[in-house]
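Student: The structure that follows is given in the form of structure tokens.
The values are calculated or read from the model by the stated rules, or taken from the named source; none is laboratory data. Fair warning: this is a prediction, and the values are worked out from it, not measured in the lab. Every residue, glycine as well, gets a Cβ built from its backbone with ideal geometry; the counts of neighbours run over all protein chains shown.
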Amino acid sequence: MRPILTAAAMRAVERRVIDAGTPSLELMERAGASAAVAAWRFGLPREVNILCGTGNNGGDGYVVARHLAERGHDVRVIAAAPLRSADARAMSARWAGPVLAYGEAKPAAGFIDALFGIGLDRPLEVGDVAELQRLGANARTRIAIDLPSGVGSDDGALFGVPFVFDLTVTFGANKPAHIIEPARSCCGRVVVADIGLGAIDSKTRCNAPPRLRAAVADVHKYERGSVIVIAGPAGAGGAARLAARAALRAGAGLATLACQPLALPENAARLDAVMLRVTPDVAALARVLTDRRIGAVVIGPGLGQDAAAKAKLAAVLASEVATVCDADAFTLCAGEPEALRNAAVLTPHEGEFVRMFGNLPGSRIDRALAAAARAGTVVVLKGPDTVIAAPDGRAVVNTHASPALATAGSGDVLAGIIAGLLAQGMAPFDAACAGVWIHGDAGLRGGTGLIAEDLPELLPAVLQGLA
Ligand SMILES: NC(=O)C1=CN([C@@H]2O[C@H](COP(=O)(O)OP(=O)(O)OC[C@H]3O[C@@H](n4cnc5c(N)ncnc54)[C@H](OP(=O)(O)O)[C@@H]3O)[C@@H](O)[C@H]2O)[C@@H](O)CC1
Ligand SMILES: [K+]
């Protein structure tokens, strides 16, 4: 999984490489040269304006200017002044082409933004926004060096980015802003250039296709894992049924819906491969959960929010079965996430997350990590940039997803997939990362018009693609 580095972590890597003997000016040369190649490959128009800031991002811009001019581009640098970085001053001295002040350059078809990178820590100034706007708004091709000026590197917040870029060329590793919204949508395509920083380690990473265990020929259905989904009252079983079907399609050998007698006719009429188990009361449910063959349980989708629901949740959490909590489980434990400490994975969307954990500071990654530490369990903060965080400080961000997944019941399916993987023996963090990727891939395959019922049916194709 590719690393994601905060500005501070990036600076630490840079410092290590410099201390090991590579001059910072050499790193800037590599950064600018690789950005110029990426821009050229992208089909940058011949005429290019490069807006250079006063720090090292601006320094990169001067290097880009020199390399593009060598490749035959007609380049003008528009310079913020005075240059405050010694390396940027050295690189500006090596640039022999035109340097213009704000307001002097004519807009051109190509625009490169080297105004601010990871050093931006406050809103853009009015003059900077105006010049970005004047030169970039109508350019045919807009390329950002390291980051679009105006995005917060660590939290992905927008400090006044005036338009969306076509390409962002970054160095060594992705920054959170390339991965998390709203900044991610401003970056366009993101290219990570290798500038010789060596192996980069990070506890925060981008999600990747999971490696699943190969199927064994001689296997019993119980050995493939058994999942139980706790249904809610009569008339509200759809969410639980979706989760159960998803668990089966994700590879569990069995999925069972546990429901109360009154909900039996509804569920029996709608289920075939998924089995039904009537649990008239909490004691019956607790007894079912002592079956050691059950590998995972889902509770929350369509559960309800009454005393009966609360008692079922307590029974599940008191059992030893790996539990995925979703939906109503969060409402039942609003403000007290410690109550869910015994769960294996929590899958809240943004609203549920806030209900559980309040308004935590920082980026989505920071917030998910803080929540996982507080709840003592894996937290999946769902969204277009889903963050999977573990109490030990690992975080994975998934962007392999489709807007089509923002549909009723989609989250129930995700909970079922994760439970299906847990039941097959995956560790909670791995099952959550894999489940989110698989769910995202199904969403991409389904595309526009997708509804939650489609998702389980898309899973065989997704899983066969991973085998
Ligand atoms: N990491 C690596 O390995 C490599 C990194 N490289 C490059 O270095 C870039 C980072 O450079 P950088 O540290 O000089 O910061 P940069 O983004 O140029 O900002 C400059 C200064 O602007 C200021 N400032 C902040 N906000 C502001 C605002 N709104 N309006 C006005 N001013 C504002 C703030 O200074 P302050 O005013 O706070 O003193 C800040 O320090 C990085 O993105 C990459 O392109 C490559 O060269 C080599 C390999
Ligand atoms: K930039």
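Student: Here are Ala9, Ala35, Ala80: which of them is of a type in the set (A, V, I, L, M), within 16 Å of ligand 2 (Cβ to nearest atom), within 30 Å of Val396 (Cα to Cα) and in contact (Cβ under 8 Å) with a residue 24 or more places away in the chain?
Tutor: Numbers: Ala9 fails: within 16 Å of ligand 2 (Cβ to nearest atom); Ala80 fails: within 30 Å of Val396 (Cα to Cα).
None of the other options fit; the residue is Ala35.
Student: Same structure again: Taking Leu132 as the residue in question, decide whether it is buried (at least 22 other Cβ atoms within 10 Å of the Cβ), farther than 21 Å from Ala193 by Cβ and within 15 Å of ligand 1 (Cβ to nearest atom).
Tutor: Against the criterion (buried (at least 22 other Cβ atoms within 10 Å of the Cβ), farther than 21 Å from Ala193 by Cβ and within 15 Å of ligand 1 (Cβ to nearest atom)), Leu132 qualifies.
Student: With within 16 Å of ligand 1 (Cβ to nearest atom), without any contact (Cβ under 8 Å) to a residue 60 or more places away in the chain and not charged (D, E, K, R) as the only criterion, which of Ala144, Ala114, Ala105 stands out?
Tutor: Working: Ala114 fails: without any contact (Cβ under 8 Å) to a residue 60 or more places away in the chain; Ala105 fails: within 16 Å of ligand 1 (Cβ to nearest atom).
The conditions single out Ala144.
Student: Looking for something of a type outside the set (S, T, N, Q) and without any contact (Cβ under 8 Å) to a residue 24 or more places away in the chain - is there at least one such residue anywhere in segment 158-173? First the steps, then the outcome.
Tutor: Quick first cut of segment 158-173, residues of a type outside the set (S, T, N, Q) only: 158-167, 169, 171-173.
Okay, now just the ones that are also without any contact (Cβ under 8 Å) to a residue 24 or more places away in the chain, so none.
The answer is no, given that none of the residues of segment 158-173 is of a type outside the set (S, T, N, Q) and without any contact (Cβ under 8 Å) to a residue 24 or more places away in the chain.
Student: Further question on the same structure: Filter segment 36-60 down to the residues that are part of a helix (DSSP H, G or I) and touching a Ser or Thr at 6+ places or on another chain (Cβ under 9 Å) and list them by number. Steps first, please.
Tutor: Filtering segment 36-60 for residues part of a helix (DSSP H, G or I) gives 36-41, 56-60.
Of everything in segment 36-60, those that are part of a helix (DSSP H, G or I) and touching a Ser or Thr at 6+ places or on another chain (Cβ under 9 Å) turn out to be Ala39, Asn56, Asn57, Gly58, Gly59.
Student: Can you name every residue in segment 382-420 that is closer than 22 Å to Gly304 by Cα and outside any loop (DSSP other than H, G, I, E, B)? Spell out the reasoning first.
Tutor: Residues of segment 382-420 that are closer than 22 Å to Gly304 by Cα, as a first pass: 382, 406-419.
Within segment 382-420, Ser410, Gly411, Asp412, Val413, Leu414, Ala415, Gly416, Ile417, Ile418, Ala419 qualify.
Student: Name every residue in segment 308-365 that is under 19 Å from Ala286 (Cα atoms), in a loop (DSSP other than H, G, I, E, B) and of a type in the set (Ser, Thr, Tyr), in order of residue number.
Tutor: Ser319
Student: Give the residue, chosen from Ala7, Ala39, that is under 30 Å from Ile200 (Cα atoms) and within 13 Å of ligand 1 (Cβ to nearest atom). Please lay out each step first, then the result.
Tutor: On the way: Ala39 fails: within 13 Å of ligand 1 (Cβ to nearest atom).
Within the list Ala7, Ala39, the selection yields Ala7.
Student: Among the residues of segment 213-258, count how many are within 15 Å of Ile418 (Cα to Cα), in a loop (DSSP other than H, G, I, E, B) and touching a strand residue (DSSP E or B) at 6+ places or on another chain (Cβ under 6 Å).
Tutor: Here the count works out to 2.
Student: Here's something else I'd like to know. Determine which member of the set Asp121, Asp113, Asp74, Asp146 is among the acidic types (Asp, Glu), surrounded by fewer than 19 Cβ atoms within 10 Å (Cβ to Cβ) and in contact with a strand residue (DSSP E or B) (Cβ under 6 Å, 6 or more places away or on another chain).
Tutor: Values: Asp121 fails: in contact with a strand residue (DSSP E or B) (Cβ under 6 Å, 6 or more places away or on another chain); Asp113 fails: surrounded by fewer than 19 Cβ atoms within 10 Å (Cβ to Cβ); Asp146 fails: surrounded by fewer than 19 Cβ atoms within 10 Å (Cβ to Cβ).
Criteria check complete, one pass: Asp74.
Student: While we're looking at this one, here's another question. Take segment 187-198 and flag every residue that is surrounded by fewer than 24 Cβ atoms within 10 Å (Cβ to Cβ) and not acidic (Asp, Glu).
Tutor: Within segment 187-198, Gly188, Arg189, Val190, Val191, Val192, Ala193, Ile195, Gly196, Leu197, Gly198 meet the criteria.
Student: Do we have Met28 as assigned to a helix (DSSP H, G or I), more than 27 Å from Phe159 (Cα to Cα), assigned by TED's automatic domain parsing to the domain that holds Val161 and near ligand 1 (Cβ under 10 Å from one of its atoms) here?
Tutor: On the way: assigned to a helix (DSSP H, G or I): yes; more than 27 Å from Phe159 (Cα to Cα): no; assigned by TED's automatic domain parsing to the domain that holds Val161: yes; near ligand 1 (Cβ under 10 Å from one of its atoms): yes.
Criteria not met by Met28.
Student: Another question, if that's okay. Which of the numbered conditions does Ser92 fail, given that it passes all the others? Conditions: (1) over 29 Å from the mean Cα position of the chain (by Cα); (2) within 14 Å of ligand 2 (Cβ to nearest atom); (3) within 17 Å of Ala36 (Cα to Cα).
Tutor: Only one criterion is unmet by Ser92, namely (2).
Student: All but one of (1) assigned to a loop (DSSP other than H, G, I, E, B); (2) more than 8 Å from ligand 1 (Cβ to nearest atom) hold for Arg76, so report the exception by its number.
Tutor: Checking Arg76 against (1) assigned to a loop (DSSP other than H, G, I, E, B); (2) more than 8 Å from ligand 1 (Cβ to nearest atom), the one that fails is (1).
Student: Quick check on segment 100-158: of everything there that is away from ligand 2 (no atom under 15 Å from the Cβ) and assigned to a helix (DSSP H, G or I), which residue is farthest from Ala12 (Cα to Cα)?
Tutor: Here the answer is Arg134.
Student: Only one of these conditions is not met by Phe171: (1) aromatic (Phe, Trp, Tyr); (2) touching a Pro at 6+ places or on another chain (Cβ under 9 Å); (3) under 23 Å from Asp366 (Cα atoms). Which number is it?
Tutor: (2)
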